[in-house]
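The structure appears right after this line, and notes come after that.
The values are calculated or read from the model by the stated rules, or taken from the named source; none is laboratory data. In this text, all values refer to a predicted model and were calculated from it rather than measured experimentally. Glycine also receives a Cβ, built like all others from the backbone with ideal geometry; neighbour counts cover every protein chain displayed. Side chains included, ligands, DNA and RNA excluded: accessible areas come from the protein's heavy atoms. Shrake-Rupley method; radii C 1.70, N 1.55, O 1.52, S 1.80 Å.
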Amino acid sequence: MQLKSSPRAISLYYFGIFVVLGVYLPLFPSWLEAREVRGLAMGAIAATLPAMGLVAPPAFGLLADALGVRVWLIRAACAGAFLPFALLALSFALGLPLSFAGLFAAATAFAFFRAPMFMMADVVAMEASLRSGITYGRFRLWGSVSFAVVAVIAGAFVDPARPAVFPATVASALLVAFALSWALPAHGEAPFRRLGQAAGAHDAAGAPRSEAAEGSVKQRALVLLQSRDFRLFLAASFLAQSANSSYDLCYTLHLRDVGFPESLVGVAWAVGVSGEIALMAFSGPLLKRFSPPTLLAFAFVGASLRWALLSTVRFWPALLAIQPLHAVSFAMMWVASLAYTKDRAPPQILATAQGLFSASAGAGSVIGMLTWGELYKRGGGALTFGIASITALLAFVLAVTFARSTRRSLSGGAVFSASSQ
């Protein structure tokens, strides 16, 4: 029963957690500004999201593999992310606004637990793909759908000027995500029993287990990190995500500055997300035919082309026409990265490997967010996206290099193709 229900449950969970982002990402800056949090203070609070992406995924990944749990950590992460926003909503509803320190602490707590909510979902989806034969992209696309829909709805109905409404809406979405996490199949996970076994582990004769047995997860992770191809993969992910963050931070500003019709800015973003959804839906045949490193190289060179076009094109219909490249620069990069991680890492440390990838991508976002704003201030979109194009091209060079260095065949089809069993 669990195996039959898991695909739908995973899709629903993705839908639920991306509802959270659909409210949080577009409205949080405006809500902070309405609370008189601007400039450096706003930047410090906003930076907690990518910064915690460096810390939480590896920590949760190691814990997940050490204890052999997945879903229980997802539930804990959902609960942990819910609490700070519930407290924010209660505080403002009672007329007790928080200082910068309180807002920063709440944002940091939310960011810490938000990262594994998504990272661990990817681990569960990858493992479910192997059992069910359903492609990872078909799980994940429901997150893209909910983000696109909710971002529009939230923008129309959630007023950032009302202090309690925004945190209450985010808290409600997180509560729904927490409820949906209980539909995820735990497959016999027993975290507290496993934790007790780990604390007093002995062999059959009553003697303490060897360090090799106790440290197997750590040792396997160290071996993976010592491999040249995986280190190159992490470096390429860092560069590619750094380049992608230029889009997150500066795309709307660039459209405004080149005279793009303001009424169509949302449409431009929606066209990009539509391309993402389409590639997620049809990622199985791609990963069945091409190896993940090949697709990563194609994604990185496609991203380089996209940023180069953004840096030079000024005719707004042409800007709209290149938005479907989001399917290559982001969606293909993401599904191929997860396929590579799944195929490259031993099953015993899949969550750890996924956490390392997430941390590498998060580091790229942090560096990017600290860089692109100043570059845009100095040279506008031409300078910003021009350098982003070069950065993505460097990621392409690394992808070609680690494709040649990979020590075993990485077809990706065994896990990600629709025909796998």
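Data table
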| quantity | calculated |
| --- | --- |
| Contour minus Cα-Cα distance for residue 227 and residue 162 (0.36 nm per residue) | 18.2 nm |
| Per-pair calculated FRET efficiency, R0 = 30 Å: residue 44 and residue 253 via Cβ, rounded to 0.05 | 0.90 |
| Cα-based equivalent ellipsoid of region 280-337: semi-axis lengths in Å, sorted from largest, via gyration tensor | 25, 12, 7 |
| Integer Hz, Karplus 6.51/-1.76/1.60 couplings in order for region 223-230, x for Gly and Pro | 4, 4, 5, 7, 7, 4, 5, 6 |
| Equivalent ellipsoid semi-axes, region 238-394, via Cα gyration tensor eigenvalues times 5, rooted, Å | 28, 18, 12 |
| Whole-number accessible area per residue in Å² for the chain, which is evaluated in the context of all protein chains at 1.4 Å | 43 Å² |
| The chain - percent of accessible surface contributed by carbon and sulfur, probe 1.4 Å | 69 percent |
| Cα gyration tensor category, rounded, prolate or oblate, for the chain with a/c compared to 1.5 | oblate |
| Rotationally averaged projected area of region 322-410 (alpha carbon convex hull; nm²) | 6.7 nm² |
| Peptides 337-344, 359-366 ordered by average Cβ neighbours within 10 Å, highest first | 337-344, 359-366 |
| Separation of the residue 278 and residue 377 label points, Cα + 7 Å toward Cβ, nm | 3.8 nm |
